[in-house]
Protein chains: 2
Amino acid sequence: MIEDDDRIRRSLVLALEDEGYAVRGSTTAEEGLAAHRAEPADAVLVDLMLPGIDGFECVRQLRRDGDATIVVVSARDDTHDIVAALEAGADDYLVKPVAIKELSARLRAVRRRNRGGPIATGTIVVGDLEIRPEAGEVRLRGELVALTRTEFLLLCELGQHAGQVLSRQQLLSRVWEYEFGDERLVDVHVGRLRQKIEDDTTAPRRLVTVRGLGYKLQR
Amino acid sequence: MIEDDDRIRRSLVLALEDEGYAVRGSTTAEEGLAAHRAEPADAVLVDLMLPGIDGFECVRQLRRDGDATIVVVSARDDTHDIVAALEAGADDYLVKPVAIKELSARLRAVRRRNRGGPIATGTIVVGDLEIRPEAGEVRLRGELVALTRTEFLLLCELGQHAGQVLSRQQLLSRVWEYEFGDERLVDVHVGRLRQKIEDDTTAPRRLVTVRGLGYKLQR
DNA sequence: CCGGAGCATGACGGTTGCGTGACGATGCCC
DNA sequence: GGGCATCGTCACGCAACCGTCATGCTCCGG
């Protein structure tokens, strides 16, 4: 929980702990982001009005770096703020004062959607593959693998959803930000990626193709 | 959208259409559920106070039958109602009067989580069968079963409605998106599926045919 | 016991989906 | 400006898959 008002933060932390959550508190976005990076939380509660980096920017960074659930808790009830926060990547938005039961229920609702989903981490470990999105490096059995930018982004996207099938469409839109385009493009880059991270290209163990559906990175 | 007040419903439908959504309106839960069953929507907006089946029950049924996004839009702002609706399976809850921009932003936020197709979330367990739509894999007694795309989609559809009979017509329209076609096609694929998930093809235990009605996946 | 409707199954051609190697365009560094 | 790395497009070939058909079986009512 990132909230600069001591009284509010303490009471919310206590109340959430009563509800069965394990909570860490931070007073600034910088502090909260660092804490989250060090040990990623399942969900992050963010106040909008913060000293330094403000809530919107904080949400944006959280969304860019991981897949944690993001819930904004703010005193501002202006539609414009709500829309902006959701657009920035927040999963839900509550107006203070919040009923703890509602907060808890909304957290559960939003995380239910997310179940089976990706675990937010600074470094994604999939078998003997380590992906460090921050550092921009990938290690296979501890050894650095030289990837191109596109290959790297592709692998990150697959890694963030390890175990899930991603369609070419999804990959195109998330890695290339093409809303439509030639799906064969994905094939080609998957092929190139395989040459670097698979031992036997003809029998992929890590980057598997699911015929008719797409590709997935094996957990 | 299920909303009994004509004025509110019409204005919301128009506003959402302006935002780029395709919307169908119903005035009762029964009507809305039937419409959704006939042609499932990506998301369902539900009012709480409805004649006949009320909003809570409606949410519960929607959640049980499918994976559509469910957003409750109600005049009631009581924490108890909000918690109850979310617990029943709603993904979000807005208090009337709603700002259309906020509704639209919340819809997008909630659907962002699981964009990318007709594949439902979660893992369906039916006896010793595990179906993981997201991972595109099926396990029988823990062991992976190699299915083709069509077999997989078919099994997902049956799994989502485990225990209930689905007619060939329904399967054709949901799996193949054929509104009419040769019903024998379903038979063939059911047969192929059986060869992979049944121990004794001549005496199916899991994928049962209900003579004259269709097929069902035994719970 | 018989006939018909409903269902199962095996075989077969056409199609689709995927992997790969080659090629030109582009941008970057020296 | 030349050399290099990377990117996107294309065409080709193989294998898997799909849908159709024909045949034969099973269940049920008369």
Considering only residues of the stretch A:155-181 that are farther than 18 Å from A:Arg206 by Cβ and small (Gly, Ala, Ser), which is modelled with the highest pLDDT?
A:Ser167
Being within 14 Å of chain A (Cβ to nearest Cβ) and in contact with a strand residue (DSSP E or B) (Cβ under 7 Å, 6 or more places away or on another chain) is the filter here, so list the residues in the stretch B:153-197 that pass it.
B:Leu155, B:Cys156
Can you spot a residue in the stretch B:195-218 that is within 14 Å of DNA strand D (Cβ to nearest atom), under 30 Å from A:Arg219 (Cα atoms) and under 23 Å from the mean Cα position of the chain (by Cα)?
no
Go through A:Arg168, A:Arg184 for me and flag whichever is within 11 Å of DNA strand C (Cβ to nearest atom), buried (at least 18 other Cβ atoms within 10 Å of the Cβ) and more than 17 Å from A:Val138 (Cβ to Cβ).
A:Arg168
Within the stretch B:134-147, considering residues that are without any contact (Cβ under 8 Å) to a residue 24 or more places away in the chain and either within 10 Å of another protein chain (Cβ to nearest Cβ) or part of a strand (DSSP E or B) (or both), the one surrounded by the fewest Cβ atoms within 10 Å (Cβ to Cβ)
B:Glu143
Evaluation of A:Arg64 against (1) part of a helix (DSSP H, G or I); (2) farther than 30 Å from B:Pro133 by Cβ; (3) more than 8 Å from every other protein chain (Cβ to nearest Cβ) (one fails), failing number
(2)
Limited to the stretch A:25-65, what total is found for residues that are out of contact with any Lys or Arg (no Cβ under 9 Å at 6 or more places or on another chain) and small (Gly, Ala, Ser)?
5
Can you tell me which condition A:Ala75 does not meet? The list is (1) over 30 Å from A:Val125 (Cα atoms); (2) in contact with a Gly (Cβ under 9 Å, 6 or more places away or on another chain), and all the others hold.
(2)
Name every residue in the stretch A:204-219 that is hydrophobic (A, V, I, L, M, F, W, C) and under 19 Å from B:Leu147 (Cβ atoms), in order of residue number.
A:Val208, A:Val210, A:Leu213
Given (1) touching a residue at least 24 places away in the same chain (Cβ under 8 Å); (2) under 24 Å from B:Val138 (Cα atoms); (3) within 20 Å of the chain's Cα centre (by Cα); (4) within 16 Å of DNA strand D (Cβ to nearest atom), where does A:Cys156 come up short, assuming only one miss?
(2)
When you scan the stretch A:37-59, how many residues do you find that are farther than 24 Å from A:Tyr21 by Cα and surrounded by 18 or more Cβ atoms within 10 Å (Cβ to Cβ)?
1
Starting from residues that are in a loop (DSSP other than H, G, I, E, B) and of a type in the set (D, E, K, R), keep the ones in the stretch A:34-61 and report whichever is farthest from the other protein chains (Cβ to nearest Cβ).
A:Glu39
Residues within the stretch B:71-110 that are closer than 14 Å to A:Val83 by Cα, more than 8 Å from chain A (Cβ to nearest Cβ) and of a type in the set (Val, Ile, Thr), tallied
2
I'm told B:Thr202 meets every condition in (1) among the polar types (S, T, N, Q); (2) within 9 Å of DNA strand C (Cβ to nearest atom); (3) over 21 Å from B:Leu140 (Cβ atoms) except one. Can you identify the failing condition by its number?
(3)
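The values are calculated or read from the model by the stated rules, or taken from the named source; none is laboratory data. Since the structure is predicted, the reported quantities are computational estimates derived from the model, not experimental observations. Note that each Cβ is placed from the backbone with ideal geometry, even for glycine, and that neighbours are counted across all protein chains shown.
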